[in-house]
Amino acid sequence: MLPHLIRYVPCAPVANLFVGMDFYHLPLSAPCQAVRLVAKALKLHLNLKELDLLSGEHLKPEFLKINPQHTIPTLVDNDFVLWESRAILTYLCEKYGQNDGLYPKDPKKRAMVNQRLYFDMGTLYQRFSEAFYPVMMEGKELNPEKVQKLDEALEFLETFLDKTAFAAGDKLTVADLSLLASITTIDVTAAYDLSKYANIQRWYGQLKESVAGHEEICVEGAHKFREAFNAISNCCHIVPESESQSSTMPLDLYYNIISPPCRVVLLFAKWLKLDLNLIELDVLKREHYKPEFLKLNPQHYLPTLVDGDVVVWESSAVLIYLAEKYSTDDTLYPKDVALRAKVNQRLFYDIGTLMRSVTTYYHPILMGGEGKLEDFKKVQDAVAVLNSFLHDSRWTAGEHITVADFAIAVTVAALDGLLNFDFTVYPNVHRWYEQCKRELVGYTDITREAAQKTQAFLERFRAMRTAEQQQLCQQQHPQQQACKEQGQQEPSDPHKQQYTELQTPQKPRARDSPKHGAPADDKPVATAGPRSDESSKMSTED
């Protein structure tokens, strides 16, 4: 029997909590709503400053001076500015919370909360937006494949809630409030049928009644979202004690080195001088879907870390966990609330902006097509934001290296290796990137091994696709001759999704400058010269 949900009642606030903070937001935005829910739980006053994105208020010079990435929500707390909603949530809890109930200090519990926050951002809400934003904002038809991916994300959440009352354990945390805003948007804005998810229904129904401000913040905001756009009518869990491993054993890392998020963890573990028991999974053989791995990680993501009775996935959550548990000082993931918030913001920027822009542009190239100019422009914009982060600091979040530098460095290296991106146009990034290559222990060895294994992976990948194409041509007898005449031009491939989950490089498109929107040539990685040994090759984790 699951314990009853208990409404979170914070301790009486101290007097200075009533000092207002400026909060730039949009009422219909779920991430903005999540921040307001946390502020209400902590009894903080926010000076709400609504920005009209359609009229471009977020692009005005006065706002760009505050936030060069021009995203909402953005919080201004005296002289401290922070954006990325999940970073704001944890900052508010750490600075103004009277206890650690909403954001635990215990590394294991915090790792679980962090995983759920990254899951909310990178999987659940992302898949909702990919499925429904084109319908709501562009009038396009609903894509069944995108809906299926959203269903899969909801199944993950259903699994998370199978044994615990809340998303990250038996107590309400910021992860629940962030997920609550997302689920409310999915429910109200898209009128999505959640009835088949019993655990989500139970959790959602009770939180709607127990979380202060849900109706006026989330529900009303979701209705505004629906009306404005004429909408349609972890990684962490605890292994059972009987199955847990001895804490004296090395850390198990399930990985594949061609994946940048996996390389981030390898690189960071080497920095910390940790002993990893490396367990490589062959994704083309779908080893990450085997029951024994799904028992550890129902979301079947790489990398996945097993440390005794703790299992953590989502690379950023793994980095934070390792830093908090095994680092000898707190510079890698600071204890200072403001510094930590900045590191969190950089981590969310990496996964939500930089890496996403690279994969969006490169994925069509991987599948044998061409990258779009507008997508490459987003890559340039993302790198320009990184350049602004590094304007007055040696590292991405200040004067000391942090987990954010490891994460972003591998993404930047992937951009370098895939696209021969000209970083000299961005002097701060260029200086920092060269510094990373010099100072990050193991960088050269890890990237060299990744380059070699990527080539072998691609050869197998292409061979499998060719074999599938030939088989389909033979099965579709009327079209068999046409396929032969066209040199086995790819027919409709119902199995294509199997190979697009892990986005791995086919051919880097070299360019002289990021100003170019189209590839300059079509040389494979193996013939790209010395750069292939000096640059990471890319796939995605999530």
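Is it true that Asn344 is over 19 Å from Leu386 (Cβ atoms) and among the polar types (S, T, N, Q)? Spelling it out, it is not the case that Asn344 is over 19 Å from Leu386 (Cβ atoms) and among the polar types (S, T, N, Q). His391 fulfils the conditions (1) within 21 Å of Ser259 (Cβ to Cβ); (2) surrounded by fewer than 19 Cβ atoms within 10 Å (Cβ to Cβ) except for a single criterion, (1). For Ser242, the stated conditions hold: it is modelled with pLDDT under 90 and either surrounded by fewer than 15 Cβ atoms within 10 Å (Cβ to Cβ) or of a type outside the set (D, E, K, R) (or both). Of all the listed residues (Leu278, Leu322, Leu296), the sole one being surrounded by 22 or more Cβ atoms within 10 Å (Cβ to Cβ) and touching a Phe, Trp or Tyr at 6+ places or on another chain (Cβ under 9 Å) is Leu322. Among the residues that make up the stretch 80-88, is at least one of them of a type in the set (S, T, N, Q) and open to solvent by 40 Å² or more (accessible area, probe 1.4 Å)? No, the stretch 80-88 has no match at all.
Yes or no, residue by residue, for (1) among the aromatic types (Phe, Trp, Tyr); (2) surrounded by fewer than 17 Cβ atoms within 10 Å (Cβ to Cβ); (3) on the phi < 0 side of the Ramachandran plot; (4) modelled with pLDDT of 95 or more:
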| position | (1), (2), (3), (4) |
| --- | --- |
| Tyr8 | yes, no, yes, no |
| Cys11 | no, yes, yes, no |
| Leu37 | no, no, yes, yes |
| Glu50 | no, yes, yes, no |
| Leu54 | no, yes, yes, no |
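The set of residues from the stretch 325-354 being more than 21 Å from Ile72 (Cβ to Cβ) and buried (at least 24 other Cβ atoms within 10 Å of the Cβ) comprises just one member, Leu332. Checking the stretch 101-123 against the condition returns no match, with no residue being surrounded by fewer than 17 Cβ atoms within 10 Å (Cβ to Cβ) and polar (S, T, N, Q).
In the stretch 174-190, the residues that are outside the structural domain of Arg202 (by the TED database) never reach a residue that is open to solvent by less than 10 Å² (accessible area, probe 1.4 Å) with C-beta atoms less than 9 angstrom apart, at least six apart or across chains. If you filter the stretch 463-480 down to residues that are out of contact with any Cys (no Cβ under 6 Å at 6 or more places or on another chain), open to solvent by less than 70 Å² (accessible area, probe 1.4 Å) and assigned to a helix (DSSP H, G or I), you find that the one that is farthest from Thr402 (Cα to Cα) is Leu472. Scanning the stretch 398-409 for residues that are open to solvent by 10 Å² or more (accessible area, probe 1.4 Å) and at negative phi yields Glu399, His400, Ile401.
Identification of helices (runs of 4 or more DSSP H) wholly contained in the stretch 278-380 with 3 or more residues that are among the hydroxyl-bearing types (Ser, Thr, Tyr) yields 315-326, 355-366.
The values are calculated or read from the model by the stated rules, or taken from the named source; none is laboratory data. As the structure is a computational prediction, the values presented were derived from the model and not from experiment. Because the Cβ atoms are built from the backbone with ideal geometry, glycine has one as well, and the counts that use them run over all protein chains shown. Surface accessibility is based on the protein's heavy atoms, side chains included, excluding ligands, DNA and RNA. Shrake-Rupley method; radii C 1.70, N 1.55, O 1.52, S 1.80 Å.
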